[in-house]
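A quick write-up on the structure given underneath.
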Amino acid sequence: MNAPPPRSPSLIRRCALGIWLCGIALMGVVEFRRYALAGGELSMTPVAWMWLVGSTVTGVVGIVLLVRELRRHRR
């Protein structure tokens, strides 16, 4: 008795890492806003800058992974 061939992973499974990284970046943006507006007005502390830069890099990597997988899926 032969087992059926495995199904290819769904689009959501192939994009999971990109989606996860974009979610982490979104949470980082929330933390950036919390630190930048801690005193009631905008104050760009070093910690706020670190949250902003880290969130931006994480978001860009997540978007690149998503776009790459979506382009691969269209072929």
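None of the figures in this text is laboratory data; all of them are computed from the coordinates on show. Worth saying up front: this structure is predicted, and the values here are computed from it rather than measured. All Cβ positions, even for glycine, are placed from backbone atoms using ideal geometry, and neighbour counts span all protein chains on display.
If you take the C-alpha gyration tensor of the chain, multiply each eigenvalue by 5 and take the square root, what semi-axes do you get, largest first, in whole Å? Mind showing how you got there, number by number?
On the way: eigenvalues 304, 27, 11 Å².
Calculated on Cα positions only, the semi-axes equal 39, 12, 7 Å.
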**OP:** Quick one: angle between helix 46-74 and the longest Cα principal axis of the chain, in degrees between 0 and 90, rounded to 10, please.
**Re:** 20 degrees
Original post:
Net charge near Leu17, counting Lys/Arg +1 and Asp/Glu -1 over other residues with Cβ under 14 Å of its Cβ?
Top reply: +3
Subject >> Rounded to 10°, Cα long-axis angle of helix 16-36 versus longest principal axis of the chain >> reply: 10 degrees
**OP:** For the range 37-75 and the range 11-29, compute the distance between their C-alpha centroids and round to whole Å.
**Re:** 11 Å
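Per DSSP H run of at least 4 residues, take -39500 (n - 2.57); add these up for the chain, divide by its residues and hand me the 222 nm value, nearest 500 deg cm²/dmol.
Numbers: 3 runs with 54 residues, N = 75.
Only helices count here, giving -24500 deg cm²/dmol.
Select from the chain those GluC sites (Glu not before Pro) which occupy a DSSP coil region and have at most 11 other Cβ atoms within 10 Å, ordered by residue number. If you can, show how the numbers build up before the last one.
Working: sites: Glu31, Glu41, Glu69; in loops: Glu41.
Passing both the DSSP loop test and the Cβ count: Glu41.
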